[in-house]
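So the structure is just underneath, and the comments pick up after that.
The values are calculated or read from the model by the stated rules, or taken from the named source; none is laboratory data. Quick caveat, the model's predicted, so the values are computed rather than measured. Please note: Cβ atoms are built from the backbone with ideal geometry, for glycine as well, and neighbour counts cover all protein chains shown. We work out accessible area using only protein heavy atoms, side chains counted, and drop any ligands, DNA or RNA first. Shrake-Rupley method; radii C 1.70, N 1.55, O 1.52, S 1.80 Å.
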Amino acid sequence: MMVCTILITGFILGSCNKEKYLSRDTSLLKPPPPVDTTTPPVIDTSAVFDECDALGAWQVVGSPTLVTTGQKQGTGFIQATLASGQSFEQFIDLLTTPVNTKVTMSTGELKFWFYVQDVSQLKDGQIQFSSSGAPDNNRVGWDLTKIIPTLKNGWNFLQLKFSDPNAEITGDGGPNLAAMNFLKIFFDTNSNVTTAQNYGVDDIRIAAVPPPPPVEIDNCDALGAWQVVGSPSLVTTGQKQGTGFIQATLAVGQSFEQFIDALPAPVNTTQTMASGQFQFWFYVQDVSQLKDGQIQFSSSGAPDNNRVGWDLTKIIPTLKNGWNHVQLSFSDPNAEITGDGGPDLTAMNFIKIFFDTTGNVTTAQNYGVDDFEVVAK
């Protein structure tokens, strides 16, 4: 009896021990890596013209082919085969529903994939993009002779800016970018080809060109050559950028102030009169005191030649007491261009801002400027 009791007790105690399962052991598990929130996601905002996944209305010399292997996007691409003994090929695409590109001539680009079997065979041609349903009206075009040297055998990704100086715009006002419906790519070879040549297009889109970085004209972090009425001050608190800003103080009893900056070296703004914008921060202690004046930006080293200017009387109503971010388009209808051809935007070297008050001020007035830049508008 005693032996049986001991055995039964041992079985009961043994069954009460919790068995360890490896599947429950979390000591070797590692937490997932943290989500990277420092890199913003890439969002494609381009407008699709034709993904080239169907033959649709495509025309080529001969018959187009929908190839479903080797494409750059989607399920296929459009292929044209130039037969032996021939020297001309083309791709024509006419959409039944126009595409709103949501870009402008200054901000947009046409981009697509272009397959060339043998680049050495290509001679000349053109890429035409139109809103008229035909190649010769309301069109922007690009000469292939300037593009061919950049191509390689195989697939090439073309990005053609509407604002490219070499782009050809028809004299009827060019394309309506809110209703694009026609694309034509045509080209000749150097001579009749002796072997059949394949060409292809894929994933045709219109996108906004990423804006170039701002071009710094003067960051106002040093007195440099700045001139004002009296003596300029470099203030190192309250600036809008960098380590300081330039301050001018209009003394009691006075009614005129100015900021003049002759740059030590000319600056290439990288912009055109159609695409560029001059911007800076302007501090005004009391806007109600301002009467008139002008902002001048020049490439002559002086205020009265090769200049673009803006009348302050039109700007003053938009100002508030304190800092104001002033943004001035070179193509603003109110911008004043000197009759000598205006500024050379590749060599800008002079800034002048001058203004009068409505009367002699009765208390000293502080004004400031900071962070002069040229950007794409």
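Restricting attention to the range 105-131, the residues that are among the hydrophobic types (A, V, I, L, M, F, W, C), closer than 25 Å to PRO210 by Cα and free of Cβ contacts under 8 Å to residues at least 60 places away in the same chain total 2.
Filtered by the rule that a residue be within 23 Å of the chain's Cα centre (by Cα), outside any loop (DSSP other than H, G, I, E, B) and more than 24 Å from SER288 (Cα to Cα), the range 319-341 gives a lone residue, SER329. Of the residues making up the range 298-311, one or more are of a type outside the set (A, V, I, L, M) and within 27 Å of GLY238 (Cβ to Cβ).
Looking only at residues in the range 158-173 that are closer than 13 Å to PHE129 by Cα and open to solvent by less than 60 Å² (accessible area, probe 1.4 Å), the one that is farthest from the chain's Cα centre (by Cα) is THR170.
Residues in the range 76-110 that are open to solvent by 40 Å² or more (accessible area, probe 1.4 Å) and assigned to a strand (DSSP E or B) were compared, and the one that is farthest from PRO135 (Cα to Cα) is THR81.
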